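As structure tokens, the structure follows; a few thoughts come after it.
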């Protein structure tokens, strides 16, 4: 509950009495990612045919359905990096991910983000990242030229998860102790680690989204953000299948 608030527009009172979690936004399916994260497509605007019409407006041409010629045009646009028609298609997502994943995500600046703020909000419970056993890895090589190798030793996995558990429990306890002691939320939150989950709304046009996918759904991306990128790619393919086919056929390069 967000309390009782009143807003006035042109002297007409509008009463807002009930605010629920942002996870209830939209009508799409919320897809689980990692141990406590998720992705949900909240809204979208446009499709493959809108890309075609945006490109053909130069010739005052318009069509309502895709055909073979239109599919060929989309492939031509991607192959030759004629990118602006793809900016007329947008997607809006709800994302719940660890803070360390969000920090990589927010580097993609040609999109819009609004994040849950613990300066104002105290969650009833905190969620923290724990890796799957196949995600425990070591870094091999020099900076800029390294690879990662899985560590299959269960004792190492237990060591990692036990260490995380100890840190998370201490941080969570300190956070709520400070909140209960009347410490300002903006100070209490500083004790929490980057393994904590955050939530945000992400609105992005398709051109920028293809750039995101070219970098984050790639073998060189960090495993955890790649798992989110894989889900997002599956979701948008249902709405822009010809674009995603052309993207795949042209080496998944940003445009």
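The table that follows gives values for the structure above.
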read-out: Segment 243-254, subset buried (at least 21 other Cβ atoms within 10 Å of the Cβ) and in contact (Cβ under 8 Å) with a residue 60 or more places away in the chain, residue farthest from residue 80 (Cα to Cα); value: 243
read-out: Tally, over segment 98-112, of residues that are in a strand (DSSP E or B) and more than 13 Å from residue 209 (Cα to Cα); value: 1
read-out: Residues located in segment 120-147, provided they are more than 25 Å from the chain's Cα centre (by Cα) and outside any loop (DSSP other than H, G, I, E, B); value: 138, 139, 140
read-out: Residue check, residue 157 part of a helix (DSSP H, G or I), touching a strand residue (DSSP E or B) at 6+ places or on another chain (Cβ under 6 Å) and surrounded by 12 or more Cβ atoms within 10 Å (Cβ to Cβ); value: no
read-out: Tally of residues being in contact with a helix residue (DSSP H, G or I) (Cβ under 6 Å, 6 or more places away or on another chain), surrounded by fewer than 18 Cβ atoms within 10 Å (Cβ to Cβ) and either without any contact (Cβ under 8 Å) to a residue 60 or more places away in the chain or over 14 Å from residue 208 (Cα atoms) (or both) across segment 74-97; value: 1
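Read-outs throughout are calculated quantities, based only on the coordinates presented, and are distinct from any laboratory measurement. None of these values were measured; they are calculated from a predicted model. Quick reminder, even Gly has a Cβ in these numbers, built from the backbone with ideal geometry, and neighbours come from all protein chains shown.
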